[in-house]
Amino acid sequence: MTRVRLRVWREDDGCLHLAGGDDPGWVPERPASEGRHPTPGGPGWFVPVPEHDGLWLEVGGEGDAAGTPRGALAAPLLAILLAAQSESARLWDELSVRYAEIDLLYAISDILGQTVRLEEAARTIIRQVARVVGARRASIMVYDDATRELRVVASLGFDRSRSPAVANDDPASVAARAFREQRVLAGEAGATPVRPGDAVQPAYRGNAYLVVPISYAAPGTAARPIGVINLTDALNADRFTARDRKLVTAVAAQIGAAIENARLAASEREQQRLQDELQLAHDLQQKLMPEPDVLQGEAQVAVRCLPVASVGGDFYTFQRLAEGRIGIMLGDVSSHGLSAALVMALVLAAAGIHTAAATGPAETLRKLRQSLLGRLSDTEMYASVFYAVLDRKSGKLRYANAGHPHAFLIGADGVAERLEATAPPLGLGADGAIGQQTITWDHDHDLLCLWTDGLVDAESAAGERFGEGRLIRWLVALRDRPVAEIVATVMDEVERHAVAPADDRTLLVLRS
């Protein structure tokens, strides 16, 4: 049996180089065509490999009857093997790219799942995307609804602090255009330059770019634009491929959901912070007003103060004064909520000073008005205030009433006597006199009943007010009951009447 020797030679710049087989220690001259050619080792048969320019198969050994070595038939087989090898390499490269893309998507999912802060996640994501796609510069921009601008939250290849926000209607910005039109925009190297300083990258001068919009669609709703991903300066070509577009679009979908989740999380944190602060404000406001046991042994008092929000403008206070007297104050700052609560806190702070130092109710309200005049004027608010001093020894009740209509004395006979205003509300008159009244007090039977307009103005679902008449009838009917029971019963009735009250509600009942 004749042994066939095979060598593979590759042509390069007109010379042959050994590409496969045993090294003979010499290099043949480039053959002009298929056939037998002399070599330093003796004649050899050279056959070009089909579909592989510059590749020759050298066959050594005896030929067949026609003079052609049998090994020359291996050239087509070699061509097939080489094609298969090339295809395998191509498929391997394809799988490597696909793996990198899938790995990127999984990595981004993992990043978004572990990171709460959007900017922290965006920095990691943009690096990963630029690495897989092959971009020297990249950024993620997020739309700010308040300013109607796109701002860079993460960047690669440039300092994002030097990249200004871009208005969403900027006609010269590729990023703004992709955001407005919600479509992918791409350009090859040498395309029309984007203006210097454009959001695509700070010093863009016409290199390849890819801008992909980021959007989010909640279930059952239309997609809402959120931002854009910018990629520039492709590393491996003068443009970004269709595969790059698909990959970045998939990434953009993930980022869109992450941005929305981050916004919702931030909103929930802010809402929780506000709720905590409002609860703290509510607790502090309630602590500014005394508990009924402050007057234990001197009088029986019950009070309930319910702001319509966490805090409100209704207030009350009572305290022991010199010579066995009792001071009782109740008022209502116009409006409600935080602004009214701040004024209410100032009223109570000033009242704590003036009630102890003043000689009577009128002087107390006059000094209180002086203390609050600037604040009430600045806020364009006013406060109705009733203040009384009860002297159990003399059986007298002295009071001053700054525009508070809801002050009544209910006697043993069940008659409700309104304790009329002696001055306008504080804040509506700076210099007017504040009058004072004195009435007889029967400490065995009389009730002092004070409330705010939130009780009488409370409306039912049908729009019917609870009304002053109905409130007085309840108080009169319950006048012989303990004061705590009176307050609880009346407040429950108002709550049943108006399930969604629109104003602060306060009721104070005192018996001595």
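Worth a mention:
- Only residues that are basic (Lys, Arg) and either more than 16 Å from Val59 (Cβ to Cβ) or part of a loop (DSSP other than H, G, I, E, B) (or both) were counted in the range 11-46, giving 1.
- Restricted to the range 298-316, and to residues there that are part of a strand (DSSP E or B) and of a type in the set (D, E, K, R), the residue that is farthest from Gly337 (Cα to Cα) is Arg304.
- Yes/no for Glu29 being without any contact (Cβ under 8 Å) to a residue 24 or more places away in the chain, surrounded by 12 or more Cβ atoms within 10 Å (Cβ to Cβ) and of a type in the set (D, E, K, R): yes
- Matching residues, the range 214-233, being hydrophobic (A, V, I, L, M, F, W, C) and part of a loop (DSSP other than H, G, I, E, B): Ala217, Ala218, Ala222, Ala223
- Filtered residues of the range 493-512 (kept if under 39 Å from the mean Cα position of the chain (by Cα) and under 26 Å from Ala341 (Cβ atoms)): Val494, Glu495, His497, Ala498, Val499, Ala500, Pro501, Ala502, Asp503, Asp504, Arg505, Thr506
- From Ala462, Ala477, Ala502, residue being small (Gly, Ala, Ser) and in contact (Cβ under 8 Å) with a residue 24 or more places away in the chain: Ala502
- Neighbours by Cβ (under 7 Å, 6+ apart or cross-chain): first from the range 147-173, in the same structural domain as Ala130 (by TED's automatic domain parsing); second acidic (Asp, Glu) and not in a loop (DSSP other than H, G, I, E, B): Arg151/Asp144; Val153/Glu119; Ala154/Glu119; Ala165/Glu149; Val166/Glu149; Ala167/Glu149; Asn168/Glu149
- Qualifying residue in the range 388-395 (condition: on the phi < 0 side of the Ramachandran plot, buried (at least 23 other Cβ atoms within 10 Å of the Cβ), touching a residue at least 12 places away in the same chain (Cβ under 8 Å) and touching a Leu at 6+ places or on another chain (Cβ under 6 Å)): yes
- Which listed residue is assigned by TED's automatic domain parsing to the domain that holds Pro501, crowded, with 20+ Cβ neighbours inside 10 Å, over 37 Å from the mean Cα position of the chain (by Cα) and over 22 Å from Phe408 (Cα atoms), from Leu330, Leu376, Leu372: Leu372
- Only one of Leu471, Leu450 that is outside any loop (DSSP other than H, G, I, E, B), hydrophobic (A, V, I, L, M, F, W, C) and under 30 Å from Arg375 (Cα atoms): Leu450
- Selection status of Leu428, in the same structural domain as Val499 (by TED's automatic domain parsing) and free of Cβ contacts under 8 Å to residues at least 60 places away in the same chain: yes
- Residue identified as out of contact with any helix residue (DSSP H, G or I) (no Cβ under 7 Å at 6 or more places or on another chain) and in a loop (DSSP other than H, G, I, E, B) among Ala484, Ala502, Ala488: Ala502
- Restricted to the range 429-447, and to residues there that are surrounded by fewer than 17 Cβ atoms within 10 Å (Cβ to Cβ) and of a type in the set (A, V, I, L, M), the residue that is nearest to Tyr399 (Cα to Cα) is Ile439.
- Residue within the range 456-465 that is under 22 Å from Gln296 (Cβ atoms) and not aromatic (Phe, Trp, Tyr) present: no
- Against the test of being of a type in the set (A, V, I, L, M), surrounded by fewer than 12 Cβ atoms within 10 Å (Cβ to Cβ) and at pLDDT below 75, the options Leu278, Leu264 yield a single qualifying residue, Leu264.
- Residue within the range 199-213 that is over 28 Å from Arg162 (Cβ atoms), at pLDDT 80 or above, outside any strand (DSSP E or B) and not polar (S, T, N, Q) present: no
- Subset of the range 476-493 [of a type in the set (Asp, Glu) and either more than 15 Å from Gly414 (Cα to Cα) or buried (at least 16 other Cβ atoms within 10 Å of the Cβ) (or both)]: Glu485, Asp492, Glu493
- Residue identified as modelled with pLDDT under 85 and either out of contact with any Lys or Arg (no Cβ under 7 Å at 6 or more places or on another chain) or under 19 Å from Leu247 (Cβ atoms) (or both) among Glu94, Glu149: Glu94
- Of all residues in the range 106-129 being buried (at least 21 other Cβ atoms within 10 Å of the Cβ) and either at pLDDT 85 or above or out of contact with any helix residue (DSSP H, G or I) (no Cβ under 7 Å at 6 or more places or on another chain) (or both), the one that is nearest to Ile255 (Cα to Cα): Ala122
- Total residues in the range 317-341 satisfying the condition of being farther than 18 Å from Trp451 by Cα, touching a residue at least 12 places away in the same chain (Cβ under 8 Å) and assigned to a helix (DSSP H, G or I): the figure is 4.
- Hey, Ala257 in contact with a Leu (Cβ under 6 Å, 6 or more places away or on another chain) and either more than 27 Å from Gly187 (Cβ to Cβ) or among the polar types (S, T, N, Q) (or both) or not: no
- Qualifying residues in the range 241-261 (those that are touching a helix residue (DSSP H, G or I) at 6+ places or on another chain (Cβ under 7 Å) and within 11 Å of Val133 (Cβ to Cβ)) - the one surrounded by the fewest Cβ atoms within 10 Å (Cβ to Cβ): Leu247
The values are calculated or read from the model by the stated rules, or taken from the named source; none is laboratory data. All figures in this text were calculated on a predicted structure; none of them were measured in a lab. We place every Cβ from the backbone using ideal geometry, glycine too, and count neighbours over all the protein chains shown.
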